[in-house]
Amino acid sequence: MASVVEDQVKRKQADWVGWLTASQAFWVFIAVCAASAFLSFATDSFATSNNLFNVTRNFTFVAVIALGMTIVIITGGIDLSVGSVLCLCSMVLAVVMHAGYGIEVGIAASLGCALIIGAFNGVLIAYLGIPSFVVTLGMLSIARSLAMVVSNNTVVFQFGPDHDKLLLLGGGAWLFGIANPVAYMLILALITGFVLRWTRFGRYVFAIGGNEQAAILTGVPVRRIKVAVYMISALSAGIAGIIQTGWLGAVTTNLGAGMELQVIAATVIGGANLAGGFGTAFGALIGSALIEVIRNSLGLLGINAFWQGAFIGTFIIVAVTFDRIRALRQAD
Amino acid sequence: MAVLELQNISKHFGAIHALSDVSVCLERGQVVGLMGDNGAGKSTLVKIIAGNFRPTRGTMRMEGAELVMHRPIEARQHGIEIVHQDLALCDNLTAAANVFLGREMQKRVGPFKVLDYSGMYRRASQIFAELKSDTRAREPIKQMSGGQRQAVAIARTRLSDAKILLLDEPTAAISLRQVAEVLNLIRLLRDQGIAIVLISHRMQDVFSVADRVVVLRRGRKVADKSISASSFEEVTGLITGAIEHVL
């Protein structure tokens, strides 16, 4: 009897270890820890509270959007418009507040704008069957153009009567001294992780990415779920835009330019599969962290910042290659 | 009383007559082999029974009462389940997740309704045991054999109190050993009183498990007879047109 119980315990432990080591996010986490340990010894400035504060705060904006992007990528889609949506939502917030409205109105207008854009993308993708790449590429251009229109292509740095509230929202540290952007990111990651793991919606997101036709045949409301997924992605860009505006204290029309590529890179490095069906909230965070650690380390080690793209690109290829090798091994 | 009666069912797609005046009866605990060449109308007939298509003409009666369906979900509500040829499985999910896809069990935790993983694993394992399959509820589909995949697709139909089961080419593209597993599953379900429609191109499978064979050719029924009174040669002749009809 005892040996049966021991066998079961051993099998459970083996399952757990197998699950952990099969997770790409786990290995990226190890890479982040190893890089951090190396930088702590190799430089005097990495392990300082100031630098760590900057590192954690810097990657939050990418990480928040990567959470939404992860959900899109799990369904087998892509959202190229997030950088521009971030810019437009920031600009809507800034312009509304600059016009004298309170922060609540500004945030509602900004998030409402994000939801409308997400719904527009989602309806075209889910109901008209237009590829997500095409729709969101178009939206990338439309949203940035609209940001220029609403601001007349100027920098907005005065936010009316609630100016200080907005700066505190992005720059404060309300929760145990944790920078607000980091706290928001952690809360959003917990919510995303919960939704993906424990809700029907999360299950359907994975099912659509795994086999959309099967999901349709089994009665999953595929179109509605897809619309919701693109709304969540745009919403995450809107939230990141609001936080970033509060942190920067100014909005320009080139805010978030090229950010979609960083976000997709973070998501893929964190283990999301561009073919759909796989991805985690933790992976989105850890992928974003790795990109920021690379960026930070290049500066601290005195390496030309132009190398940043090469390093990130290499990590994307390495991550996808490992994923491919693992899939081939499982197929054998 | 027949569990399902199709009377003079016709289905036209514009000028194309996919089905013309087809009448078929399904009895409890009986396997009907539905055979015919490509384009004979088998899939159209099954899709009408499964609620995907509405017939252009004719009536369906379930246990004596007229049955009119507009969506597949209505067929499911009436106890009609279908196992599609491609099985409609998600490779990235576990067996249990696939069994319950679209019908997930939930439990309340505080203000939230969350997925009841343990309940679904337990129930799926129970169904696999009933089906005498070695499929494990927690195992991902991508690691499964063809027979285990069939078991998962069939397990779905056991969640409800199915009266009719439509199996679309369940033995296509699986190994001989797995074919035997699937045929055993069909016998097991038949013995539980379920009326089964087996669409197959594999004559030996139909003759192995079916009680009756219905042959369609160019949208018309050309045979409906007991399997014991028929033969491979006769059915082949009916499918190709070498034999006109034996009704």
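The values are calculated or read from the model by the stated rules, or taken from the named source; none is laboratory data. Quantities reported herein were computed from a predicted structural model and do not represent experimental measurements. When we count neighbours, we look across all protein chains shown, and the Cβ atoms used for this are built from the backbone with ideal geometry, even at glycine.
Some notes on this structure:
- Conditions (1) within 14 Å of chain A (Cβ to nearest Cβ); (2) closer than 30 Å to residue B:180 by Cβ; (3) assigned to a loop (DSSP other than H, G, I, E, B): number failed by residue B:81: (3)
- For the range B:58-94, filtering for residues that are under 19 Å from the mean Cα position of the chain (by Cα), closer than 15 Å to residue A:218 by Cα and surrounded by fewer than 17 Cβ atoms within 10 Å (Cβ to Cβ) leaves 6.
- Meets criteria (modelled with pLDDT of 90 or more, within 14 Å of chain B (Cβ to nearest Cβ) and more than 17 Å from residue A:90 (Cα to Cα)) for residue A:276: yes
- Residues that are without any contact (Cβ under 8 Å) to a residue 60 or more places away in the chain and more than 14 Å from chain B (Cβ to nearest Cβ) were ranked within the range A:175-191; the one that is surrounded by the fewest Cβ atoms within 10 Å (Cβ to Cβ) is A:176.
- Condition check for residue A:245: touching a residue at least 60 places away in the same chain (Cβ under 8 Å), surrounded by fewer than 24 Cβ atoms within 10 Å (Cβ to Cβ) and of a type in the set (S, T, N, Q): no
- Inter-residue pairs, beta-carbon under 6 Å, first without any contact (Cβ under 8 Å) to a residue 12 or more places away in the chain and in the range A:113-127, second surrounded by fewer than 17 Cβ atoms within 10 Å (Cβ to Cβ), 6+ apart: A:124/A:130
- Restricting the range B:154-166 to residues that are away from every other protein chain (no Cβ under 12 Å) and among the aliphatic types (A, V, I, L, M), the residue that is nearest to the chain's Cα centre (by Cα) is B:166.
- Matching residues in the range B:170-187 - criterion: being closer than 24 Å to residue A:217 by Cα, small (Gly, Ala, Ser) and in contact with a helix residue (DSSP H, G or I) (Cβ under 9 Å, 6 or more places away or on another chain): B:173
- In this structure, residue B:183 qualifies as more than 19 Å from residue B:6 (Cβ to Cβ), surrounded by 17 or more Cβ atoms within 10 Å (Cβ to Cβ) and among the aliphatic types (A, V, I, L, M).
- Set B:155, B:97: member being buried (at least 22 other Cβ atoms within 10 Å of the Cβ), in contact (Cβ under 8 Å) with a residue 24 or more places away in the chain and small (Gly, Ala, Ser): B:155
- Residue count for the range A:124-153, restricted to those that are over 24 Å from residue A:252 (Cα atoms) and surrounded by 17 or more Cβ atoms within 10 Å (Cβ to Cβ): 5.
- Verdict on residue A:280 being at negative phi, crowded, with 21+ Cβ neighbours inside 10 Å and touching a strand residue (DSSP E or B) at 6+ places or on another chain (Cβ under 9 Å): no
- Remark: residue A:217 matches the filter, which requires a residue to be of a type outside the set (Lys, Arg), at negative phi, crowded, with 17+ Cβ neighbours inside 10 Å and within 14 Å of chain B (Cβ to nearest Cβ).
- The lone criterion from (1) crowded, with 17+ Cβ neighbours inside 10 Å; (2) within 14 Å of another protein chain (Cβ to nearest Cβ); (3) of a type in the set (A, V, I, L, M, F, W, C) left unmet by residue A:194 is number (1).
- Among the candidates A:204, A:230, residue that is away from chain B (no Cβ under 14 Å), buried (at least 24 other Cβ atoms within 10 Å of the Cβ) and of a type outside the set (A, V, I, L, M): A:230
- Test: residue in the range A:253-270 that is within 14 Å of chain B (Cβ to nearest Cβ), among the hydroxyl-bearing types (Ser, Thr, Tyr) and either assigned to a loop (DSSP other than H, G, I, E, B) or farther than 20 Å from residue A:113 by Cα (or both): no
- Selection count, the range B:69-106, where residues are modelled with pLDDT under 90 and over 25 Å from residue A:224 (Cα atoms): 1
- Filter result (of a type in the set (D, E, K, R) and buried (at least 21 other Cβ atoms within 10 Å of the Cβ)) within the range B:11-37: B:11
- For the range B:158-169, taking the residues that are modelled with pLDDT of 85 or more and touching a helix residue (DSSP H, G or I) at 6+ places or on another chain (Cβ under 8 Å), the one that is farthest from residue B:130 (Cα to Cα) is identified as B:168.
- Residues (part of a strand (DSSP E or B) and on the phi > 0 side of the Ramachandran plot) located in the range B:1-26: B:8, B:21
- Single residue of the range B:125-153 satisfying the filter (within 25 Å of residue B:74 (Cβ to Cβ) and out of contact with any strand residue (DSSP E or B) (no Cβ under 6 Å at 6 or more places or on another chain)) that is nearest to the other protein chains (Cβ to nearest Cβ): B:152
- When the test is whether a residue is at the interface with chain A (Cβ under 10 Å from one of its Cβ atoms) and outside any helix (DSSP H, G or I), residue B:92 passes it.
- The set of residues in the range B:52-75 that are out of contact with any helix residue (DSSP H, G or I) (no Cβ under 9 Å at 6 or more places or on another chain), within 14 Å of another protein chain (Cβ to nearest Cβ) and either among the aliphatic types (A, V, I, L, M) or more than 23 Å from residue B:20 (Cα to Cα) (or both) comprises B:73, B:74.
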